[in-house]
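Here's the structure we're looking at; comments come further down.
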Amino acid sequence: MLKLTDIIKIYHTNESPSYLFKRFQLSLPAGEFLSIIGSNGSGKTSLLNIICGSIPIDGGSIQVAGKEISHSPEYKRLAYIGRVYQNPSAGTCPSMSIFENMSLADHKGKTFHLSAGKNRKRLDFYRQSLENLGLGLENKMDMPVGLLSGGQRQAIALLMATLTPIQILILDEHTAALDPKTADLIMQLTEKIVTEKKLTTLMVTHNLRYAIEYGSRMIMMHQGEIALDRSQREKSSMQSDEILQKFHEVGMQDIANQL
């Protein structure tokens, strides 16, 4: 479903070119839920940006369902890729109502015409979609999104990202800005939506418990490479301490290589 082959990404500095990815490989079958962990600077978010088209690659191939998209612009990829960001404000417009935000998301990948932005014919569908979240938001359709809590906004951002038919869902630390209780709720909603819609999903997280409990596969990234790759069965038997130990081992190996 999603295949990255020989990905090269070079950052040019004043001193010399630096490789972030050097022939990076990753393949995800349709419907796989991949949790991605790694230290800061390991390439996690850059990987998501490359898939979404936010940053270009310097070599290699990106394919979705067998279609080459390596040079496809970001706005075209958004027709089949949904993304939820760390900041709850990033995926919604605070001055617009819930209804207006959902109407806007409903037009993703479509041609806009000189007509009303709010689609009243879809109102019942929006209400039903919100009701499925179990947060009572279906009764607040006219409320500006900026007046909602961070968790409510993130729930709406998650719903908006998956409102239209998509193939890939990108979750960029989407629970990091939330309190633990709300983060747990958003993760439960995430699993529900991913399962129901059978989405191929990539989730970057610093929460090791979420990386172990959620998803069908987990990888640890380090310096643009995959340092650890575990299936659902393998990672379900792991403890957070084991993953922290792997972080330590990788870091110590870097120090040894520099000596």
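The values are calculated or read from the model by the stated rules, or taken from the named source; none is laboratory data. Since the structure is predicted, the reported quantities are computational estimates derived from the model, not experimental observations. For neighbour counting, all protein chains shown are included, and Cβ atoms are generated from backbone atoms with ideal geometry for every residue, glycine included. Ligands, DNA and RNA are stripped out before the accessible areas are found, and what is left, the full protein with its side chains, is counted by its heavy atoms. Shrake-Rupley method; radii C 1.70, N 1.55, O 1.52, S 1.80 Å.
A few comments on the model shown:
- For residue 140, the lysines whose Cα comes closer than 20 Å to its Cα, not counting residues fewer than 8 places off in the same chain, are 118, 121.
- Computed 3J(HN,Hα) for the range 59-69, one whole-Hz value per residue from the Karplus formula 6.51 cos²θ - 1.76 cosθ + 1.60 where θ = phi - 60°, is x, x, 9, 10, 10, 10, 6, x, 9, 6, 10, glycine and proline marked x.
- Antiparallel bridge percentage (DSSP; both residues within the chain; nearest 5): 55 percent
- FRET efficiency, 1/(1 + (r/R0)^6) with R0 35 Å, evaluated for residue 245 and residue 197 via beta carbons: 0.50
- Highest-MSF residue in the chain out of 183, 161, 211 [GNM, Cα springs under 10 Å]: 183
- Gyration tensor verdict on the range 123-200 (Cα atoms; rounded if a/c is under 1.5, prolate if a/b is larger than b/c, oblate otherwise): oblate
- Using just its DSSP H runs of length 4 or more, each adding -39500 (n - 2.57), the chain gives a mean residue ellipticity at 222 nm of -10500 deg cm²/dmol after division by all residues.
- Placing +1 on the Cβ of every Lys and Arg and -1 on the Cβ of every Asp and Glu, with nothing else charged, gives the chain a dipole about its Cα centre of roughly 860 debye.
- Among 187, 143, 160, the order of accessible area from largest down is 143, 160, 187, computed with a 1.4 Å probe on protein heavy atoms.
- For residue 76, the aspartates and glutamates whose Cα falls under 15 Å of its own Cα, not counting residues fewer than eight places away in the same chain, are 68.
- Candidates 229, 184, 124: whichever shows maximal mean-square fluctuation once the chain is modelled as a Gaussian network with Cα springs under 10 Å: 124
- Cross-link table 22/44; 108/181; 9/108; 3/198; 9/44, entries beyond 20 Å C-alpha to C-alpha: 108/181; 9/108
- Three-way shape label, the chain, alpha-carbon gyration tensor, a/c 1.5: prolate
- Cα centroids of the range 179-201 and the range 29-90: 19 Å apart.
- Amide hydrogen neighbours beyond the local backbone of residue 20, cut-off 5 Å, H modeled: 9, 10, 11
- Three-way shape call for the range 35-97 based on the alpha-carbon gyration tensor, with the a/c threshold at 1.5: oblate
- For residue 83, the residues whose amide H sits under 5 Å from its own are 170, ignoring neighbours fewer than 5 places away on the same chain, with H placed 1.01 Å from N.
- For the range 1-134, the alpha-carbon coordinates run over 54, 35, 33 Å along the three principal axes, in decreasing order.
- Between helix 150-161 and the chain: long-axis angle, C-alpha atoms, 0 to 90°, nearest 10: 90 degrees
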